Amino acid sequence: MPRADAAGPAGALLSRGRRGARGAVPAGFLFLFWLLLLWPPGTGWAAAPAAGDTASGPSAIAISRGRYLVEAGGCAACHTDAKDHGQPFAGGRALKTPFGTFYTPNITPDRATGIGGWSDAQFLRALKQGIAPDGSYYYPAFPYPSFTRIRAADALDIKAYLFSLPPVRHENRPHDLRFPFSLRPLLVFWRLLYFHPGDFHPDPARSAAWNRGAYLVIALGHCGECHTPRTFLGGMKPALFLAGTNKGPEGEIVPNLTPDRGTGLGDWGQDDIVTLLKTGMKPDFDNVQGAMTEVIRGGLGQLDDSDLAAIATYLHALPPIRHKVGH
Amino acid sequence: MRMTYLVAGAGMLILVGGVAASVTTARADDAQAVVTKRQDLMKTNGKSLQAILKVVKGQAAYGPDTVKAAETVLSNSKEIPSLFPKDSITPKSRAKPEIWTHWDVFKQKDSNLQIQAAKLVEVAKAGDVKAIGAQLQVVGKACGACHETFRQPEKKQ
């Protein structure tokens, strides 16, 4: 999934001097102070619970759970260079953005070129904090601002599944980003403004289906990464969560998923949403193209009906937001 | 005198330019006309299938309209290739240029729709709602298969 927006943030932030980011600067410094105090990369609570890492290795159940979660997370779509018939999860897929081209890394368990040497803690830190084993920051083209809400146990099942795959030797290709977006350390500013690490907190007042749907949408499915409009600094606008944008990946129009009648999914039945997530077919027998097709093919379409229904339940219960996208 | 020639010359140029421009806009208008026509036809396809879906879901009664809707899709499907004259792409169109570089494949996707739509007409006439529902899915896939290859994702102009 090419995701212009996701990379946008870093880039936009770096060039913020010109427009009204003045307020953001002092705020940024305050945050920076807080960060240096409490949250040096690699220490503090970032050092995730080192569960697992046992000699016996993960169980078959963990692996099969992980496989399912990988489908829900759409990892294969981004980490496979399908265009050039690359091996699954061996990376190399180009994600074109206005700031340059990202090439996804190899996440097969190859020790030399993949993540075969990673500990559980390192894997958790990558997914939940967006920090690499060497302490550097990942670009938000890797949707860790959503993945941070993945439960640690689920993340470890994902790792178990990835590590059960055949290792593929495939060198990572360096990103091809324009200066100054190529400077990773500058991501610290973007993170201060827009990255809110933390777990998913179920709402006990809601049904189990709602909570399951919320988890799938917010954390694993990272639907908001495409379906939420972003500020000029590239952060998601929380007030317009899932309300759609005309500036999606590669300029695609990404529809409003809130149940507003007229601009959103207000007229869609629950079964209509399930059908779309499974097959890409809309209630009017039109079908989706582009990024959403990849999301569905990349795993969403394989999820159990009960999970797709849970997603529909959650989407239907969102506050309707009147927000027109498209023509 | 020279000045007059110059002015006259410039006037001619403007005139010629204007004519040329109006020729190209006329062509663009033609292209847009065919684009609008096929988009309308496609929308009618969608509406017809939607009407049949209502019957399958029990939200509408089975009747002669069900057959008519299927017949509309069938007759429309035969018109599709003629609505895609070479390189008829306008800013409002989501057609991909690959349609004309892979015309055989495009035609084949359309023949597949014709075959499946003909079957839909048959089951619609027979009136078994379950069979109609099953064939409806097949037809929907035949529509989608062409869009997947030959239609762009929607972008903001």
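Coordinate-derived values only; no laboratory data. Small disclaimer: the values here were computed from a predicted structure and weren't measured. Counting neighbours? That spans all protein chains shown, and the Cβs are built from the backbone with ideal geometry, glycine included.
Only lysine pairs 8 or more places apart, or on different chains, with alpha-carbon atoms under 20 angstrom apart are counted in the stretch B:108-157, and they number 5. Among the listed pairs A:83/A:128; A:128/A:159; A:282/B:68, a Cα-Cα separation exceeding 18 Å is found for A:83/A:128; A:282/B:68.
Overall shape: rounded for the stretch A:208-317, with the ratio a/c of the largest to smallest alpha carbon gyration tensor axis below 1.5.
Rounded to the nearest 0.05, what FRET efficiency do residue B:78 and residue B:29 have when you use their Cβ-Cβ distance and R0 = 25 Å? Mind dumping the intermediate values first?
Details: r = 26 Å, r/R0 = 1.04.
E between residue B:78 and residue B:29, to the nearest 0.05, is 0.45.
Candidates B:112, B:90, B:72 compared by Cα position along the dipole of the stretch B:44-137: farthest toward the positive end lies B:90, with charges placed on Cβ. Suppose R0 equals 56 Å; then what is the FRET efficiency for residue B:86 and residue A:112 from their Cβ-Cβ distance, rounded to the nearest 0.05? After rounding to 0.05, the efficiency reads 0.65.
What is the fewest-to-most order of B:115, A:158 by other Cβ atoms lying within 10 Å of their Cβ? Let's see the in-between values first.
Working: B:115 15, A:158 27.
Starting with the residue having the fewest Cβ neighbours, the order is B:115, A:158.
Think of the stretch A:60-194 as a dipole: +1 on every Lys or Arg Cβ, -1 on every Asp or Glu Cβ, centred on the Cα centre; then among A:122, A:86, A:165, A:122 lies furthest on the positive end. Computed from the alpha carbon positions, the gyration tensor of the stretch A:153-222 leads to an equivalent ellipsoid with semi-axes of 31, 23, 10 Å, biggest first.
Name the shape class, rounded, prolate or oblate, that the alpha-carbon gyration tensor gives for the stretch A:60-194, where a ≥ b ≥ c are the square roots of its eigenvalues, rounded holds for a/c under 1.5, and otherwise prolate holds if a/b is larger than b/c and oblate otherwise. Numbers along the way, then the final one.
On the way: a/c = 1.78, a/b = 1.28, b/c = 1.39.
Cα axes put the stretch A:60-194 in the oblate bin.
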